[in-house]
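Input: a single structure, listed below in C-alpha coordinates.
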Amino acid sequence: MLKVDLHCHSNVSDGVLAPADVAAYAGKSGVNVWALTDHDEISGVKAARQAATALGMRFVAGVEISVTWANETVHVVGLQVDENNPALIAGLGATRNGREKRAREMAAQLEQAGIPTPYEGALRYVANPDLMSRTHFARYLCEIGVCTTTSDVFRRFLTEGKPGYVPHRWATLGEAMGWIQGAGGIAVIAHPGRYRFSDTAQGALFDEFRQLGGTAIEVVTGSHTPDQYGTYAEVARRYGFLASRGTDFHAPGESRVEFAELPPLPSGVTPVWHDWF
(Lines give C-alpha, C1' and ligand atoms only; values in the text may rest on other atoms or scores of the structure.)
Protein backbone atom coordinates (compact mmCIF):
# COMPACT_ATOMS: atom_id res chain seq x y z
CA MET A 1 0.00 0.00 0.00
CA LEU A 2 1.33 3.42 -0.94
CA LYS A 3 1.87 5.87 1.90
CA VAL A 4 2.22 9.21 0.16
CA ASP A 5 3.38 12.57 1.51
CA LEU A 6 3.52 15.39 -1.03
CA HIS A 7 4.09 18.44 1.19
CA CYS A 8 7.29 18.72 3.24
CA HIS A 9 9.89 21.36 4.05
CA SER A 10 13.61 21.24 4.73
CA ASN A 11 16.08 23.81 6.02
CA VAL A 12 16.43 25.03 2.45
CA SER A 13 13.31 27.06 3.30
CA ASP A 14 11.72 27.14 6.76
CA GLY A 15 12.17 23.55 7.92
CA VAL A 16 14.75 22.40 10.46
CA LEU A 17 16.24 19.27 8.88
CA ALA A 18 18.42 19.03 5.78
CA PRO A 19 16.69 17.48 2.73
CA ALA A 20 18.36 14.10 3.21
CA ASP A 21 17.36 14.05 6.87
CA VAL A 22 13.73 14.82 6.02
CA ALA A 23 13.82 11.85 3.61
CA ALA A 24 15.19 9.61 6.36
CA TYR A 25 12.62 10.81 8.89
CA ALA A 26 9.75 10.29 6.45
CA GLY A 27 11.04 6.87 5.39
CA LYS A 28 11.39 5.71 8.98
CA SER A 29 7.74 6.69 9.49
CA GLY A 30 6.62 4.44 6.63
CA VAL A 31 6.35 6.99 3.81
CA ASN A 32 7.20 5.37 0.47
CA VAL A 33 6.21 8.17 -1.96
CA TRP A 34 7.63 11.51 -0.90
CA ALA A 35 7.95 15.07 -2.23
CA LEU A 36 10.12 17.90 -0.97
CA THR A 37 8.20 21.16 -1.50
CA ASP A 38 10.27 23.98 -0.05
CA HIS A 39 8.92 27.53 -0.16
CA ASP A 40 9.91 29.33 -3.38
CA GLU A 41 13.10 27.25 -3.62
CA ILE A 42 14.12 24.07 -5.42
CA SER A 43 17.81 23.86 -4.58
CA GLY A 44 17.19 21.02 -2.12
CA VAL A 45 15.58 18.73 -4.68
CA LYS A 46 18.79 17.06 -5.89
CA ALA A 47 19.89 16.01 -2.39
CA ALA A 48 16.35 14.96 -1.52
CA ARG A 49 16.08 12.77 -4.63
CA GLN A 50 19.43 11.09 -3.93
CA ALA A 51 18.48 10.35 -0.33
CA ALA A 52 15.00 9.09 -1.20
CA THR A 53 16.36 6.82 -3.95
CA ALA A 54 18.96 5.36 -1.59
CA LEU A 55 16.17 4.60 0.90
CA GLY A 56 14.00 2.92 -1.74
CA MET A 57 11.38 5.68 -1.71
CA ARG A 58 9.67 7.02 -4.80
CA PHE A 59 10.55 10.69 -5.07
CA VAL A 60 8.51 13.58 -6.47
CA ALA A 61 10.25 16.89 -7.21
CA GLY A 62 8.19 19.74 -5.84
CA VAL A 63 8.01 23.35 -4.72
CA GLU A 64 5.54 25.52 -2.80
CA ILE A 65 5.08 28.93 -4.42
CA SER A 66 3.86 31.98 -2.49
CA VAL A 67 1.04 33.77 -4.34
CA THR A 68 -0.83 36.98 -3.60
CA TRP A 69 -4.52 36.56 -4.47
CA ALA A 70 -7.25 38.99 -3.36
CA ASN A 71 -4.70 40.63 -1.06
CA GLU A 72 -4.11 37.36 0.79
CA THR A 73 -1.22 34.92 0.61
CA VAL A 74 -2.12 31.61 -1.02
CA HIS A 75 0.31 28.72 -1.50
CA VAL A 76 0.40 26.66 -4.68
CA VAL A 77 2.37 23.42 -4.69
CA GLY A 78 3.98 22.27 -7.91
CA LEU A 79 4.54 18.50 -8.18
CA GLN A 80 6.54 16.54 -10.74
CA VAL A 81 8.37 19.71 -11.78
CA ASP A 82 11.68 19.83 -13.64
CA GLU A 83 13.90 21.57 -11.11
CA ASN A 84 16.29 22.62 -13.90
CA ASN A 85 13.67 24.57 -15.84
CA PRO A 86 15.09 28.10 -16.40
CA ALA A 87 11.77 29.93 -16.18
CA LEU A 88 10.86 28.21 -12.91
CA ILE A 89 14.28 29.00 -11.43
CA ALA A 90 14.06 32.65 -12.49
CA GLY A 91 10.48 33.03 -11.27
CA LEU A 92 11.27 31.60 -7.85
CA GLY A 93 14.30 33.87 -7.60
CA ALA A 94 12.14 36.90 -8.30
CA THR A 95 9.61 35.76 -5.69
CA ARG A 96 12.32 35.46 -3.05
CA ASN A 97 13.49 39.04 -3.64
CA GLY A 98 12.32 41.35 -0.91
CA ARG A 99 12.26 38.79 1.88
CA GLU A 100 15.21 40.35 3.71
CA LYS A 101 13.60 43.81 3.73
CA ARG A 102 10.38 42.24 5.01
CA ALA A 103 12.27 40.33 7.72
CA ARG A 104 13.94 43.56 8.90
CA GLU A 105 10.55 45.26 9.14
CA MET A 106 9.11 42.30 11.05
CA ALA A 107 12.03 42.43 13.47
CA ALA A 108 11.59 46.18 14.03
CA GLN A 109 7.95 45.66 15.00
CA LEU A 110 8.83 42.82 17.37
CA GLU A 111 11.54 44.93 18.97
CA GLN A 112 9.01 47.71 19.56
CA ALA A 113 6.81 45.10 21.26
CA GLY A 114 9.63 44.31 23.69
CA ILE A 115 11.25 41.31 22.02
CA PRO A 116 15.06 41.50 22.38
CA THR A 117 17.28 41.14 19.26
CA PRO A 118 14.56 39.49 17.14
CA TYR A 119 16.42 39.68 13.82
CA GLU A 120 19.63 38.17 15.18
CA GLY A 121 17.68 35.56 17.11
CA ALA A 122 15.61 34.44 14.14
CA LEU A 123 18.70 34.41 11.94
CA ARG A 124 20.16 31.57 14.02
CA TYR A 125 17.41 29.33 12.68
CA VAL A 126 17.98 30.26 9.04
CA ALA A 127 19.94 27.93 6.75
CA ASN A 128 19.06 29.84 3.56
CA PRO A 129 19.40 33.63 4.07
CA ASP A 130 17.16 34.26 1.04
CA LEU A 131 14.22 32.63 2.80
CA MET A 132 13.94 34.16 6.26
CA SER A 133 10.32 33.80 7.28
CA ARG A 134 7.78 34.12 10.06
CA THR A 135 8.56 30.56 11.14
CA HIS A 136 12.15 31.48 11.98
CA PHE A 137 10.95 34.33 14.19
CA ALA A 138 8.40 32.00 15.79
CA ARG A 139 11.10 29.50 16.76
CA TYR A 140 13.13 32.28 18.36
CA LEU A 141 10.12 33.49 20.37
CA CYS A 142 9.70 29.95 21.67
CA GLU A 143 13.41 29.70 22.46
CA ILE A 144 13.37 32.78 24.68
CA GLY A 145 10.16 31.74 26.41
CA VAL A 146 7.82 34.42 25.08
CA CYS A 147 5.59 31.64 23.73
CA THR A 148 5.48 27.91 24.34
CA THR A 149 4.68 26.69 20.81
CA THR A 150 4.80 28.11 17.31
CA SER A 151 0.99 27.91 17.22
CA ASP A 152 0.94 30.14 20.29
CA VAL A 153 3.27 32.57 18.50
CA PHE A 154 0.90 32.91 15.58
CA ARG A 155 -1.98 33.68 17.94
CA ARG A 156 -0.06 36.57 19.51
CA PHE A 157 2.43 37.76 16.88
CA LEU A 158 3.26 37.81 13.17
CA THR A 159 -0.34 37.72 11.89
CA GLU A 160 -2.50 40.59 10.69
CA GLY A 161 -3.18 43.09 13.45
CA LYS A 162 -0.43 41.65 15.67
CA PRO A 163 3.19 42.80 16.23
CA GLY A 164 5.56 41.57 13.54
CA TYR A 165 3.05 41.29 10.70
CA VAL A 166 4.39 42.70 7.44
CA PRO A 167 2.49 41.89 4.24
CA HIS A 168 4.40 41.08 1.09
CA ARG A 169 3.28 40.92 -2.52
CA TRP A 170 4.27 37.57 -3.95
CA ALA A 171 3.79 36.08 -7.42
CA THR A 172 0.40 36.24 -9.11
CA LEU A 173 -1.61 33.04 -9.43
CA GLY A 174 -1.13 33.17 -13.20
CA GLU A 175 2.65 33.52 -12.86
CA ALA A 176 2.92 30.60 -10.44
CA MET A 177 0.75 28.39 -12.64
CA GLY A 178 2.83 29.31 -15.68
CA TRP A 179 6.11 28.39 -13.96
CA ILE A 180 4.76 25.06 -12.71
CA GLN A 181 3.18 24.07 -16.01
CA GLY A 182 6.18 25.29 -18.00
CA ALA A 183 8.34 22.97 -15.89
CA GLY A 184 6.07 20.03 -16.70
CA GLY A 185 4.44 20.02 -13.28
CA ILE A 186 1.00 19.67 -11.73
CA ALA A 187 -0.41 22.56 -9.71
CA VAL A 188 -2.08 21.94 -6.34
CA ILE A 189 -3.72 24.49 -4.02
CA ALA A 190 -2.09 23.89 -0.64
CA HIS A 191 -4.21 23.62 2.54
CA PRO A 192 -7.25 25.51 1.18
CA GLY A 193 -8.94 25.40 4.58
CA ARG A 194 -6.29 27.68 6.06
CA TYR A 195 -7.19 30.79 4.07
CA ARG A 196 -9.52 33.41 5.48
CA PHE A 197 -11.84 33.64 2.49
CA SER A 198 -15.59 33.81 2.41
CA ASP A 199 -17.36 30.97 0.59
CA THR A 200 -17.81 33.28 -2.40
CA ALA A 201 -14.14 34.28 -2.52
CA GLN A 202 -12.98 30.70 -2.08
CA GLY A 203 -15.22 29.64 -4.95
CA ALA A 204 -13.72 32.39 -7.10
CA LEU A 205 -10.22 31.14 -6.24
CA PHE A 206 -11.12 27.58 -7.25
CA ASP A 207 -12.75 28.79 -10.47
CA GLU A 208 -9.74 30.87 -11.49
CA PHE A 209 -7.34 28.08 -10.52
CA ARG A 210 -9.27 25.60 -12.68
CA GLN A 211 -9.44 28.05 -15.60
CA LEU A 212 -5.65 28.44 -15.43
CA GLY A 213 -5.19 24.67 -15.68
CA GLY A 214 -5.06 23.76 -11.99
CA THR A 215 -6.00 20.16 -11.37
CA ALA A 216 -5.69 19.35 -7.65
CA ILE A 217 -6.17 20.57 -4.08
CA GLU A 218 -4.80 19.29 -0.80
CA VAL A 219 -7.52 17.41 1.06
CA VAL A 220 -5.65 15.64 3.86
CA THR A 221 -2.94 17.90 5.24
CA GLY A 222 -1.40 18.71 8.59
CA SER A 223 -2.83 22.20 8.19
CA HIS A 224 -6.44 20.91 8.10
CA THR A 225 -8.58 19.73 10.98
CA PRO A 226 -10.13 16.26 10.66
CA ASP A 227 -13.50 17.89 9.88
CA GLN A 228 -11.92 19.70 6.94
CA TYR A 229 -10.78 16.45 5.32
CA GLY A 230 -14.40 15.70 4.42
CA THR A 231 -15.14 19.30 3.51
CA TYR A 232 -12.36 19.49 0.94
CA ALA A 233 -12.97 15.99 -0.34
CA GLU A 234 -16.42 17.27 -1.29
CA VAL A 235 -14.87 20.38 -2.89
CA ALA A 236 -12.58 18.13 -4.92
CA ARG A 237 -15.53 16.05 -6.13
CA ARG A 238 -17.62 19.12 -6.96
CA TYR A 239 -14.92 20.85 -9.01
CA GLY A 240 -13.42 17.71 -10.49
CA PHE A 241 -10.09 18.27 -8.75
CA LEU A 242 -7.65 15.50 -7.92
CA ALA A 243 -6.84 15.15 -4.22
CA SER A 244 -3.42 15.51 -2.61
CA ARG A 245 -2.09 14.55 0.81
CA GLY A 246 0.83 15.80 2.91
CA THR A 247 1.83 16.63 6.45
CA ASP A 248 3.24 20.11 5.71
CA PHE A 249 6.18 18.84 7.79
CA HIS A 250 8.67 21.41 9.09
CA ALA A 251 10.34 19.77 12.10
CA PRO A 252 9.93 16.73 14.35
CA GLY A 253 7.32 17.48 16.98
CA GLU A 254 6.45 20.87 15.48
CA SER A 255 3.77 19.90 12.99
CA ARG A 256 0.20 19.19 14.10
CA VAL A 257 0.36 15.73 12.53
CA GLU A 258 3.45 13.53 12.18
CA PHE A 259 4.11 11.38 9.10
CA ALA A 260 2.90 8.17 10.74
CA GLU A 261 -0.33 9.76 11.99
CA LEU A 262 -1.69 11.38 8.82
CA PRO A 263 -4.82 9.50 7.69
CA PRO A 264 -5.44 8.31 4.12
CA LEU A 265 -7.53 10.27 1.66
CA PRO A 266 -11.31 9.94 2.07
CA SER A 267 -13.13 7.61 -0.29
CA GLY A 268 -14.65 9.02 -3.44
CA VAL A 269 -11.72 11.23 -4.48
CA THR A 270 -9.04 10.52 -7.06
CA PRO A 271 -5.48 10.83 -5.75
CA VAL A 272 -3.25 13.23 -7.64
CA TRP A 273 -0.74 10.36 -7.97
CA HIS A 274 -3.31 7.91 -9.44
CA ASP A 275 -1.51 7.52 -12.79
CA TRP A 276 2.11 8.16 -11.80
CA PHE A 277 3.21 4.60 -11.11
Counting only residues in the stretch 155-170 that are open to solvent by less than 40 Å² (accessible area, probe 1.4 Å) and at pLDDT 95 or above, the one nearest to Y119 (Cα to Cα) is identified as G164
For E72, all conditions in the list (1) over 14 Å from G246 (Cβ atoms); (2) at pLDDT 95 or above hold save one; what is the number of the exception?
(2)
Which ones in the stretch 26-61 are polar (S, T, N, Q) and touching a Gly at 6+ places or on another chain (Cβ under 9 Å)?
N32, T37
Need at least 2 residues that are out of contact with any helix residue (DSSP H, G or I) (no Cβ under 8 Å at 6 or more places or on another chain) and farther than 26 Å from S223 by Cα per element, so show me which helices (runs of 4 or more DSSP H) inside the stretch 44-160 make the cut, counting only ones lying wholly within it.
45-54, 86-96, 99-112
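What residue, among those in the stretch 250-277 that are assigned to a loop (DSSP other than H, G, I, E, B) and acidic (D, E), is farthest from V22 (Cα to Cα)?
Here is the first cut: in the stretch 250-277, the ones assigned to a loop (DSSP other than H, G, I, E, B) are 250-258, 262-270, 272-277.
Among the residues that remain, those that are also acidic (D, E) are: 254, 258, 275.
On the way: E254: 13, E258: 12, D275: 25 Å.
Across the stretch 250-277, the extreme among qualifying residues is D275.
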All but one of (1) surrounded by fewer than 21 Cβ atoms within 10 Å (Cβ to Cβ); (2) under 21 Å from the mean Cα position of the chain (by Cα); (3) modelled with pLDDT of 95 or more hold for P116, so report the exception by its number.
(2)
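The values are calculated or read from the model by the stated rules, or taken from the named source; none is laboratory data. Quantities reported herein were computed from a predicted structural model and do not represent experimental measurements. Glycine gets a Cβ as well: all are built from the backbone with ideal geometry, and neighbour counts include every protein chain shown. These accessible areas exclude ligands, DNA and RNA; they are computed on the full protein's heavy atoms, side chains included. Shrake-Rupley method; radii C 1.70, N 1.55, O 1.52, S 1.80 Å.
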